[in-house]
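The values are calculated or read from the model by the stated rules, or taken from the named source; none is laboratory data. No experiment lies behind these values; they were computed from the predicted model shown. Cβ: placed from backbone, ideal geometry, glycine included. Neighbour counts: every protein chain shown.
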Amino acid sequence: MGEWSIEPATVEALPDILQIEDACFSSPWTRKMLEAELSGNPFAHFLLAKQVPPGDAGSISIVGYLCFWVVFEEVRLMNLAVIESMRHRGIARALVLQALEVGQAQAAMRAVLEVRASNHAAHALYRSLGFRDVSTRPTYYTNPIEDALLMGLDPIVSESGR
Ligand SMILES: CC(C)(COP(=O)(O)OP(=O)(O)OC[C@H]1O[C@@H](n2cnc3c(N)ncnc32)[C@H](O)[C@@H]1OP(=O)(O)O)[C@@H](O)C(=O)NCCC(=O)NCCS
């Protein structure tokens with residue numbers, strides 16, 4: 001199964017992130033969008049989950065990632081994905097917790113995100129971290145058209161399990 005760890009991303013990770021996007025989303029972020037976030041957005045942060053197969057330190061692979069913004073007092077979770085074969089091991093939870101820590105270190109006090117109304121796995125993940133439903137944004141998503149649930153964690157420290 002191997003170990004996994006989390007670290008900040010650099011632009012070299014772009015092809016791997018694109019691959020994960022394409023595999024995990026019906027409307028994946030494009031190369032242009034990712035490039036803009038990785039190198040042109042001063043608020044944006046990227047964390048990568050990397051796997052090292054047992055006994056093979058040479059073949060590290062990127063198995064998940066999280067893009068988030070820290071905008072003054074607010075952490076905005078923008079995009080989160082873990083490849084299917086590495087799910088249910090706590091990787092997404094660890095990515096979100098690390099993002100909240102980065103935000104807190106920059107004096108952020110709350111966190112927000114949008115999630116597709118039908119995405120029960122992600123909704124359960126965020127609820128388990130203390131996020132609560134705030135409101136619905138009707139027909140927010142395309143391909144397929146769907147409502148977004150706006151979720152919030154305010155303050156960050158309250159129920160995030162740390
Ligand atoms: C949602 C996603 C990121 C979860 O990744 P993951 O690494 O498997 O999640 P974790 O193992 O950290 O799960 C943490 C908690 O989330 C919840 N959860 C995760 N997957 C779940 C599922 N399929 N069903 C129900 N709850 C789930 C559980 O509460 C879980 O805690 P537990 O393992 O103690 O039960 C992953 O399924 C994914 O990449 N999906 C496709 C892309 C996506 O939907 N991204 C989110 C966009 S908002």
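Considering only region 130-151, how many residues are within 19 Å of residue 93 (Cβ to Cβ) and buried (at least 18 other Cβ atoms within 10 Å of the Cβ)?
4
Can you name the condition, by its number, that residue 66 falls short on among (1) in contact with a Gly (Cβ under 9 Å, 6 or more places away or on another chain); (2) without any contact (Cβ under 8 Å) to a residue 40 or more places away in the chain?
(1)
So if I check each of 117, 92, 81, which one is of a type outside the set (Val, Ile, Thr), more than 13 Å from residue 153 (Cβ to Cβ) and in contact with a Ser or Thr (Cβ under 8 Å, 6 or more places away or on another chain)?
117
When only residues in region 44-61 that are modelled with pLDDT under 95 and assigned to a strand (DSSP E or B) count, which is nearest to the ligand (Cβ to nearest atom)?
If we take residues in region 44-61 being modelled with pLDDT under 95 and assigned to a strand (DSSP E or B), then 51 is nearest to the ligand (Cβ to nearest atom).
Step by step: first the residues of region 33-64, then only those that are among the polar types (S, T, N, Q) and out of contact with any helix residue (DSSP H, G or I) (no Cβ under 9 Å at 6 or more places or on another chain), then the one that is farthest from residue 91 (Cα to Cα). Which residue is that?
Ranking the qualifying residues of region 33-64, first place goes to 41.
Residues of region 28-67 being exposed (fewer than 11 other Cβ atoms within 10 Å of the Cβ) and of a type in the set (Ser, Thr, Tyr), which ones?
Within region 28-67, just 59 meets the criteria.
Condition first: assigned to a helix (DSSP H, G or I) and either in contact with a strand residue (DSSP E or B) (Cβ under 7 Å, 6 or more places away or on another chain) or closer than 15 Å to residue 47 by Cα (or both). Now tell me which residues in region 120-135 satisfy that.
If the condition is that a residue be assigned to a helix (DSSP H, G or I) and either in contact with a strand residue (DSSP E or B) (Cβ under 7 Å, 6 or more places away or on another chain) or closer than 15 Å to residue 47 by Cα (or both), then 122, 123, 126 are the ones that fit.
Of the residues that make up region 11-21, is at least one more than 17 Å from the chain's Cα centre (by Cα), at pLDDT below 95 and assigned to a loop (DSSP other than H, G, I, E, B)?
No, region 11-21 contains no residue that is more than 17 Å from the chain's Cα centre (by Cα), at pLDDT below 95 and assigned to a loop (DSSP other than H, G, I, E, B).
Cβ contacts < 9 Å: first residue charged (D, E, K, R), restricted to region 104-125; second residue at pLDDT 95 or above and more than 16 Å from the ligand (Cβ to nearest atom), any location; separation 6+ or different chain. Result?
110/73; 110/74; 110/103; 110/154; 110/155; 110/156
Take region 64-119 and flag every residue that is of a type in the set (Val, Ile, Thr), outside any helix (DSSP H, G or I) and over 18 Å from residue 151 (Cα atoms).
Within region 64-119, 82, 83 qualify.
Note down all Cβ pairs under 8 Å where the first residue falls in region 75-99 and is on the phi < 0 side of the Ramachandran plot and in contact (Cβ under 8 Å) with a residue 12 or more places away in the chain, the second is near the ligand (Cβ under 7 Å from one of its atoms) and among the hydroxyl-bearing types (Ser, Thr, Tyr), and they're at least six residues apart or on different chains.
Hits for this filter: 93/128.
Among 70, 96, which is the only one that is away from the ligand (no atom under 14 Å from the Cβ) and buried (at least 20 other Cβ atoms within 10 Å of the Cβ)?
70
Residues being farther than 13 Å from residue 24 by Cβ and more than 6 Å from the ligand (Cβ to nearest atom): count how many of those fall in region 79-93.
0
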